[in-house]
Amino acid sequence: MGIGFVTLINFVAIFNFSCILSVISGVLTYFISNKNKKKRKMFLSIITPFQALYSFYIIMLIGSMFISETKNVDIGIGDYWHVPLSKSYQLSIIDISELAYIEYNGNSIFSEVSHLQLTDNNIYGRNNKNEYFYINLTDNISQTYLSESELKKKENIAKLELQETQKFYNDRKWEITKTPIILTLIVSVILTILGVLIFCRLVLYD
């Protein structure tokens, strides 16, 4: 699914959840609040869930798009995912992890990647045909091998610690975006709360 379609689905889901919260908060406000400015309080109890949830989602979305551009990592929606392996290499996935492939400067060099391991200077991997490959990130040299034992022997590797592509992608993405994502989350919460408080104050006290 495209990014626009996924975003639309998220907007619909937020709307439905906001409706549920609005009904609950509206009923509670009706029975709990006193007569002083009761209509305004009812209005706020109905509108605030929509404002809070949509504000939080939109701020997070903008922050995620900024992170995507600066870190060269997808924002987590849509049908194309990618994460950098180095300055020139990246892991790309279309729809499902079985269709993962490695790109070098925008060109696919290894397809149907099922397992990966990334070290400081090398990439090791396996594809869906149980073939193994090796990439030297320093010299940009790549090689394909018919078996794990052949790869270990030729490249002088004592032990391989390959991860399934989906897990590798998730771990690598979190490693790159952990700090900016946490900061974006904190900023989104703060701005959402401030927006709600300002709106409530304007409605209650003109």
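The values are calculated or read from the model by the stated rules, or taken from the named source; none is laboratory data. Note that the structure is predicted; figures quoted are calculated from it, not measured. Here Cβ is always computed from backbone atoms with ideal geometry, including for glycine, and neighbour counts include all displayed protein chains. Quick note on the areas: whole protein, heavy atoms, side chains included, nothing else; ligands and nucleic acids left out. Shrake-Rupley method; radii C 1.70, N 1.55, O 1.52, S 1.80 Å.
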Practice task
Mind checking the per residue accessible area of region 1-107 for me, 1.4 Å probe, whole number of Å²?
Solution key: 60
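To the nearest 20 debye, what is the magnitude of the charge dipole of region 151-196 about its Cα centre, counting +1 on the Cβ of each Lys and Arg and -1 on the Cβ of each Asp and Glu?
Values: 8 positive and 5 negative charges, 60 e Å.
Using only the charged Cβ atoms, the result is roughly 280 debye.
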Handout entry: Rounded accessible area per residue of region 140-179, 1.4 Å, Å²
Key = 71
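Students often get this wrong, so check it: of K87/K178; K87/K152; K87/K129; K87/K173; K152/K173, which have C-alpha atoms separated by over 24 Å?
Values: K87/K178 19 Å; K87/K152 26 Å; K87/K129 28 Å; K87/K173 15 Å; K152/K173 27 Å.
In this structure, K87/K152; K87/K129; K152/K173 exceed 24 Å between Cα atoms.
Quote the convex hull volume per residue of the chain, based on C-alpha atoms, as a whole number of Å³. Intermediate results must be reported in sequence, preceding the final value.
Details: hull volume 29.0 nm³, N = 206.
Convex hull of Cα atoms, per residue: 141 Å³.
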Handout entry: Of all accessible heavy-atom area on the chain, the percent that carbon and sulfur account for (1.4 Å)
Key = 62
Problem - Residues of type lysines that K159 reaches as a straight line, Cα spacing below 20 Å, ignoring anything fewer than 8 places off in the same chain - result: K167
Exercise for the section: Evaluate the relative contact order of region 102-206 (contact order divided by residue number), counting alpha-carbon pairs under 8 angstrom at least 6 apart; express in whole percent. Expected result: 17
Fill in the blank from the handout: In degrees, nearest 10, the alpha-carbon axis of helix 38-71 is tilted away from the dominant principal axis of the alpha carbons of the chain by 20
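Report the charge-dipole magnitude of region 102-206 in Debye, nearest 20, computed about the Cα centre from +1 at each Lys and Arg Cβ and -1 at each Asp and Glu Cβ. Intermediate values should be presented prior to the final figure.
Numbers: 11 positive and 13 negative charges, 39 e Å.
That gives region 102-206 a dipole magnitude of about 180 debye.
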Handout entry: Cβ-placed point charges (K, R +1; D, E -1), dipole of the chain about Cα centre in debye, nearest 20
Key = 1520
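Taking Rh as the Kirkwood radius computed over C-alpha pairs, what is the Stokes-Einstein D of region 1-111 at 25 °C in a medium of viscosity 0.890 mPa s, expressed in µm² per second? Let's see the in-between values first.
Numbers: Rh = 17.1 Å.
Approximately 144 µm²/s, per Stokes-Einstein.
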Exercise for the section: Taking the dipole about the Cα centre of the chain, with the C-beta of Lys and Arg at +1 and of Asp and Glu at -1, give me whichever of G4, N127, Y54 is farthest to the positive side. Expected result: Y54
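Translational D (Stokes-Einstein, µm²/s) of region 65-161 at 4 °C and 1.567 mPa s when Rh comes from the Kirkwood sum over C-alpha pairs?
Values: Rh = 14.0 Å.
Approximately 92 µm²/s, per Stokes-Einstein.
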Handout entry: Alpha-carbon spread of region 105-151, three principal axes, descending order, Å
Key = 25, 23, 15
Exercise for the section: Please state, as a whole number in µm²/s, the translational diffusion coefficient that the Stokes-Einstein equation yields for region 135-198 at 10 °C and 1.306 mPa s, with Rh defined as the Kirkwood radius across alpha carbon pairs. Expected result: 100
Practice task
Just read off the accessible area of D120 with the full protein assembly in place, 1.4 Å probe, to the nearest 10 Å².
Solution key: 140
